[in-house]
Amino acid sequence: MPAWVFQANPKRYDLITEIRSKRQDWWNAPDYRKEIAVGDSAWMSVVGHDQPGIYYLAKVTAAPHLSEETEFGRWRVDLVFTHELDPYLARAEIKADPLLSSCRSLLGFQGTVGRLSPAEEFQLRSLTRDRMKPLEGTQTLPGAASDDVARVAEQHRVRVRRELKEAIEALSSEGFEHLVVRVLRALEFEVIHRGRSGDGGVDAEAVLSLRGLTAVRTKVQAKRWRNTVGPRIVRELRGALRVDERGLIVTTADFTSEAQLEARAEGKASIGLLDGNGLADLCIENEIGVKLRTLSLPELDQEGLLETDTVLPEE
């Protein structure tokens with residue numbers, strides 16, 4: 001099972017202070033969102049002050065999902081904090097370890113999530129075995145008490161997403177374009193489906209309007225491909241944009257790293273990229289091509305058990 005380093009800078013998020021008052025939180029996770037899963041371990045690292053190191057251990061209780069936009073982005077995972085390292089594992093100790101000294105995820109990096117290899121996590125657990133102190137109150141949290149249910153639910157979601165992706169890939173080109181239009185409309189875009197226009201391969205035009213005060217005009221290209229989409233497609237769509245427009249490429253496959261760099265290039269029109277996994281996630285969240293079911297689970301109600309709302313006959 002993968003393990004992760006979740007990094008916090010006190011200037012943006014004071015992890016130590018927050019954990020003193022709560023045992024669960026969410027974490028920004030724009031990277032590795034296709035890999036992080038329920039039950040994964042998350043080593044909580046603090047950087048940006050005079051005592052950097054690993055302070056807590058947490059467990060993922062909900063896989064990466066889209067939420068409201070914040071300064072940290074929209075992709076997040078849910079966590080329950082399970083253990084405190086007392087004393088914490090200092091950066092100097094990490095650098096002194098032959099194996100961990102070369103682990104970039106433990107030495108500070110750009111971003112919020114880093115990956116650990118199985119060997120690196122095993123070494124971390126060996127170094128911190130005698131420092132692990134269970135956090136009080138963790139056992140009462142729903143996320144901690146229902147790990148098995150959450151794991152099964154996540155496995156089911158992964159299976160359905162895979163089946164949904166296969167069904168999307170089986171659509172005709174026109175059917176895929178119509179699906180993209182439906183997803184954009186579910187996201188509150190006003191969309192005009194243009195089909196094969198010959199104008200830079202543009203398949204649709206969308207407008208996201210904020211109560212009529214402003215509007216973001218977007219030209220959309222739908223690529224029902226099995227192969228990864230490269231930078232040429234990004235440049236072609238950018239060439240079809242006017243000054244006030246943005247671009248969006250939606251594919252059933254993935255994007256090469258070069259395409260991602262080209263889409264984010266400074267000084268050029270912005271191009272959004274939505275891959276097959278992201279599209280499937282949006283379909284699930286907006287109930288397009290899937291049906292959502294609610295699972296009812298019983299929980300002990302001690303007070304209800306002791307209620308005496310009936311009068312027993314006297315002997």
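The values are calculated or read from the model by the stated rules, or taken from the named source; none is laboratory data. Only a predicted model underlies this, so the values are computations on that prediction, with no experimental measurement involved. Note that we place each Cβ from the backbone using ideal geometry, even for glycine, and neighbour counts take in every protein chain shown.
Brief remarks follow.
- Scanning segment 181-194 for residues that are over 28 Å from the mean Cα position of the chain (by Cα) and surrounded by 13 or more Cβ atoms within 10 Å (Cβ to Cβ), we see that the one that is modelled with the lowest pLDDT is ARG194.
- Any hit, segment 81-101, residues being of a type in the set (Phe, Trp, Tyr) and in contact with a Lys or Arg (Cβ under 7 Å, 6 or more places away or on another chain): yes
- Some residue of segment 2-17 being in contact with an Asp or Glu (Cβ under 7 Å, 6 or more places away or on another chain), in a strand (DSSP E or B) and of a type in the set (A, V, I, L, M): yes
- Residue in segment 58-77 that is assigned to a loop (DSSP other than H, G, I, E, B) and over 29 Å from LEU279 (Cα atoms) present: no
- Residue ID - nearest to ALA167 (Cα to Cα), chosen from residues in segment 233-244 that are in contact with a strand residue (DSSP E or B) (Cβ under 7 Å, 6 or more places away or on another chain) and surrounded by fewer than 19 Cβ atoms within 10 Å (Cβ to Cβ): ALA240
- GLU68 vs. criteria out of contact with any Cys (no Cβ under 6 Å at 6 or more places or on another chain), assigned by TED's automatic domain parsing to the domain that holds SER117 and closer than 30 Å to SER257 by Cα: yes
- Of the set (1) loosely packed, with under 13 Cβ neighbours inside 10 Å; (2) under 13 Å from VAL5 (Cα atoms), all apply to GLY114 but (1).
- PHE109 meets the conditions (1) surrounded by fewer than 19 Cβ atoms within 10 Å (Cβ to Cβ); (2) of a type in the set (Phe, Trp, Tyr); (3) assigned to a strand (DSSP E or B) in every case but one. The failed one is (3).
- Among the residues of segment 263-272, those that are in contact (Cβ under 8 Å) with a residue 24 or more places away in the chain and surrounded by fewer than 22 Cβ atoms within 10 Å (Cβ to Cβ) comprise LYS268, ALA269, SER270, GLY272.
- Within segment 154-180, tally of residues that are modelled with pLDDT of 90 or more and β-branched (Val, Ile, Thr): 2
- Per the listing ASP275, ASP254, the residue uniquely surrounded by 17 or more Cβ atoms within 10 Å (Cβ to Cβ), at pLDDT 90 or above and out of contact with any helix residue (DSSP H, G or I) (no Cβ under 9 Å at 6 or more places or on another chain) is ASP275.
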